[in-house]
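Notes to accompany the following structure.
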Amino acid sequence: MSDELESVVQTLIADGKGILAADETVSTLTKRFDTLGIQSTEKSRCTYREMLFTAGAAEFISGVIMQDETIRQRSSNGMPLAQVLSNQGILPGIKVDAGARPLAGAPDETVTEGLDGLRDRLSAYRDMGARFAKWRAVIHVSNTLPSHACIGANAHALARYAALCQEQDLVPIVEPEVLMDGSHSIERCQEVTGTVLHAVFGALHDQRIRLEGMLLKPNMVIAGKDCPHQAPVQEVATATLRCLRRHVPAAVPGIVFLSGGQEDWVATVHLDAIKRLPGPKPWRITFSYGRALQDHALETWHGEDENLEAGRQALYQRARCNSAASLGRYTEQMEATPVGVGSPPHRREWRDD
Ligand code: 13P
């Protein structure tokens, strides 16, 4: 493994920093724009991404995950967006999976596609400035799901992707997401998350992944959003850390959580609680949030040029709170407005890629 992989990993998980996932596909971002009445054009999507990338949040954000359209776009003054990031010391990253598609023979389950031609695409993205990559596997939960077939197919694909990334000198972020959709209990989430992580690390071993040169992006252990009993913060933190201790090797340098549809401040509070728990945590723990970092910024901007500065401030504010949480130093007083006002937890759901 090249030294560069390890140094990129260490940069991504530097103290007090986390990752901004801004890699929604065109169709997912368009749906989100639609709900706010924002026209989705190549230009408006570029303006939005440029707003996020120029929020002055480099003290809290170590890397940004883009997608294919974004990494090819230029800022309003003609600079490639990847360079806008790297000029601030933020590492450009790229989502390289082609999305979750129905898994044959497994009703209601998906397998993430995109391995064909991946070697060449990785090499091209590296030339465009990317230093790390992301692949998301999606695991649906019910009383009977996920199936063994679904877990195995997704774990294998994640490991094949990770091997190709390391070959091409890109740090793989390995993201097996156990969804919050459904009415399952936190205990069921813990059981499924543990089984999935066990399979993923088995597959990574089989494909000879150097664990020191990758990051894991897992879900937190949390009840399904339609479960009548939503576990309190301490229970989520304890169950999450217990599950990770059991299933994630200590050689993995960092765990960067996804937010998965949690309300933004809830994702912050959970991260903070996990960090504050006593006992061994052999990996760095931080955030790699999409919705939980972007929601407020997008709503504030609302497609209007005159709101760009306020949108930047909204992103800066969430990044600051999550940075503090990644150090176990978040307090509610850091919030600009009182948390939890007017919005039930877990109301966000707009990622379908
Ligand atoms: P969320 O934080 O919105 O779950 O997105 C993170 C991500 O990158 C999902 O692939």
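The values are calculated or read from the model by the stated rules, or taken from the named source; none is laboratory data. Note that the structure is a prediction, hence the values are computed from the model and not measured. Virtual Cβ from ideal backbone geometry, glycine too; neighbours counted across all protein chains shown.
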In the range 317-329, residues that are on the phi > 0 side of the Ramachandran plot and either within 16 Å of the ligand (Cβ to nearest atom) or in a helix (DSSP H, G or I) (or both) total 0
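Residue under question is ASP272, and the condition is that it be more than 15 Å from the ligand (Cβ to nearest atom), modelled with pLDDT of 95 or more and under 13 Å from THR240 (Cα atoms); does it hold? Break it down into steps so the answer makes sense when it comes.
Numbers: more than 15 Å from the ligand (Cβ to nearest atom): yes; modelled with pLDDT of 95 or more: yes; under 13 Å from THR240 (Cα atoms): yes.
It is true that ASP272 is more than 15 Å from the ligand (Cβ to nearest atom), modelled with pLDDT of 95 or more and under 13 Å from THR240 (Cα atoms).
Picking from ASP264, ASP226, which residue would you name as being closer than 19 Å to ALA21 by Cα and at pLDDT 95 or above? Before you say what the answer is, go through the steps one by one.
Values: ASP226 fails: closer than 19 Å to ALA21 by Cα.
None of the others qualify; the one that does is ASP264.
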Filtering the range 229-272 for residues that are assigned to a helix (DSSP H, G or I) and out of contact with any Ser or Thr (no Cβ under 7 Å at 6 or more places or on another chain) leaves a count of 21
Going through the range 92-135 in order, the residues found to be surrounded by fewer than 22 Cβ atoms within 10 Å (Cβ to Cβ), more than 26 Å from VAL178 (Cα to Cα) and within 16 Å of the ligand (Cβ to nearest atom) are none
In the range 255-289, anything surrounded by fewer than 24 Cβ atoms within 10 Å (Cβ to Cβ), under 19 Å from ALA58 (Cα atoms) and not aliphatic (A, V, I, L, M) is listed as ARG284
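Filter the range 284-316 down to the residues that are in a loop (DSSP other than H, G, I, E, B) and away from the ligand (no atom under 16 Å from the Cβ) and list them by number.
Here is the first cut: in the range 284-316, the residues in a loop (DSSP other than H, G, I, E, B) are 290, 302-304.
HIS302, GLY303, GLU304 - these are the residues of the range 284-316 that are in a loop (DSSP other than H, G, I, E, B) and away from the ligand (no atom under 16 Å from the Cβ).
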Restricting attention to the range 14-54, the residues that are surrounded by fewer than 22 Cβ atoms within 10 Å (Cβ to Cβ) and under 25 Å from LEU327 (Cβ atoms) number exactly 4
The range 27-141: helices (runs of 4 or more DSSP H) wholly inside it with 1 or more residues that are of a type outside the set (S, T, N, Q), out of contact with any helix residue (DSSP H, G or I) (no Cβ under 8 Å at 6 or more places or on another chain) and under 23 Å from LEU170 (Cα atoms) are 68-71, 118-127
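In the set LYS281, LYS275, which member is part of a helix (DSSP H, G or I) and touching a Lys or Arg at 6+ places or on another chain (Cβ under 9 Å)? Give the steps one after another, and end with the answer.
Numbers: LYS281 fails: part of a helix (DSSP H, G or I).
Every option except LYS275 fails the conditions.
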>> Just to be sure before I move on: is LEU118 under 19 Å from the mean Cα position of the chain (by Cα), at pLDDT 95 or above and either β-branched (Val, Ile, Thr) or under 27 Å from ILE13 (Cβ atoms) (or both) in the structure I sent?
In response: no
So, first residue among the hydroxyl-bearing types (Ser, Thr, Tyr) in the range 244-260, second residue within 16 Å of the ligand (Cβ to nearest atom) and assigned to a helix (DSSP H, G or I), Cβ within less than 7 Å, six or more apart or across chains; the pairs are SER259/ALA267; SER259/ARG291; SER259/ALA292
Filter the range 306-326 for residues that are small (Gly, Ala, Ser) and under 20 Å from SER44 (Cβ atoms); the one that is nearest to the chain's Cα centre (by Cα) is ALA314
Across (1) within 23 Å of ALA21 (Cβ to Cβ); (2) small (Gly, Ala, Ser); (3) surrounded by fewer than 22 Cβ atoms within 10 Å (Cβ to Cβ), SER147 clears everything bar (1)
Note on the range 189-222: residues basic (Lys, Arg) and either within 15 Å of the ligand (Cβ to nearest atom) or under 18 Å from GLN262 (Cα atoms) (or both) are LYS217
